[in-house]
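Worksheet: the structure to be examined is printed underneath.
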Amino acid sequence: MQRNTPSLEAPTLIGSQSRDLKETAMSMNVGTTERLLRVGAGSALILAAGMAWIGPWGFIGLVPLITGLVGYCPLYTVLRRKA
């Protein structure tokens, strides 16, 4: 008798599911102008926090800096916003 054992293989996506996943996985969703603004604002906040001109909350500037450098914002994916 054959036992049903769970497969260790990852499930495969078919047709449009696969295409939709590839399009939203890590495609750039931040435009060029916005990327420049994010890098500038993030760098300014980090610099100000590093020089103790503002409190340590300025290190939140890492978020716009990284999203600006990478060109991908996870929140925009959730909101289904495209560049």
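So here's what we get for this one:
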| read-out | value |
| --- | --- |
| D_trans [Stokes-Einstein, Kirkwood Rh over alpha-carbon pairs] for the stretch 27-83, 4 °C, 1.567 mPa s, µm² s⁻¹ | 113 |
| Point-to-point label distance, residue 62-residue 36, nm (Cα→Cβ direction, 7 Å offset) | 2.7 |
| Extension gain from residue 43 to residue 26, taking 0.36 nm per residue of separation minus the Cα-Cα distance | 3.8 nm |
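Throughout, read-outs are computed from the coordinates displayed, never taken from laboratory work. None of the values given here were measured: they were computed from a predicted structure. Cβ sites come from the backbone with ideal geometry, for glycine too, and all protein chains shown count toward neighbours.
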